[in-house]
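**Q** First the structure, which I've put down as structure tokens, then a few questions once you've had a look.
The values are calculated or read from the model by the stated rules, or taken from the named source; none is laboratory data. This is a predicted model, so every value here is computed, not measured. Methodologically, a virtual Cβ is constructed for each residue, glycine included, from the backbone with ideal geometry; neighbour enumeration extends over all protein chains shown. Each accessible area value is taken on the protein alone, full model and side chains, heavy atoms only, with ligands, DNA and RNA left out. Shrake-Rupley method; radii C 1.70, N 1.55, O 1.52, S 1.80 Å.
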Amino acid sequence: MKGNAKLIETLNALLADELTAINQYMVHSEMCDDWGYEKLHKHFEKRAIDEMKHAEKLIGRILFLEGTPTVSTLNKIMIGDSVPKQLVNDHTAEEGAIKAYNDAIVLAGEVKDFATRDLLQQILNDEDAHMDGIEELQGQIEQMTVQVFLTTQVKE
């Protein structure tokens, strides 16, 4: 099914965001593993896997719309050198993703591609949950102090 060219371009932009997020979360995951924060390592690793699933869905939809997925484009990856900085960078990235998905949902509706709109809504719901998780961790750091919070993130 031949899709709308502007929508395919937008899906490729979202794909670049997801591929960037995968890399950012994987680096943060491995950094936390190196620092001995096993729980954060697993948290970031799961988030990277979620983003991989989003990329897979976007690639599938682009192909269905007879477009060509662009997997060679990454945006600027923002690596934090401490857990609080990682969370700030991840919050910024998720904020951008939420805005981009909302804009893409509007576009999909305008071009009357409701199946794509539904797919984008599903991914947006995941991104909202990611934002909630980041803000939860940031709230814990604020309430406990970073030093106490980090003691809760080591292996049991």
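**Q** Being open to solvent by 70 Å² or more (accessible area, probe 1.4 Å) and under 18 Å from K6 (Cβ atoms) is the filter; apply it to the range 112-128 and report the residue that is farthest from the chain's Cα centre (by Cα).
**A** Within the range 112-128, the match that is farthest from the chain's Cα centre (by Cα) is K112.
**Q** Any chance you could count how many residues in the range 129-150 are open to solvent by less than 40 Å² (accessible area, probe 1.4 Å) and either within 13 Å of E95 (Cβ to Cβ) or modelled with pLDDT under 95 (or both)?
**A** Qualifying residue count for the region: 3.
**Q** When both residues are 6+ apart or on different chains and their Cβ atoms are under 9 Å apart, which pairs have a first residue that lies in the range 56-80 and is among the β-branched types (V, I, T), and a second that is loosely packed, with under 12 Cβ neighbours inside 10 Å?
**A** Matching pairs, first to second residue: I62/T68.
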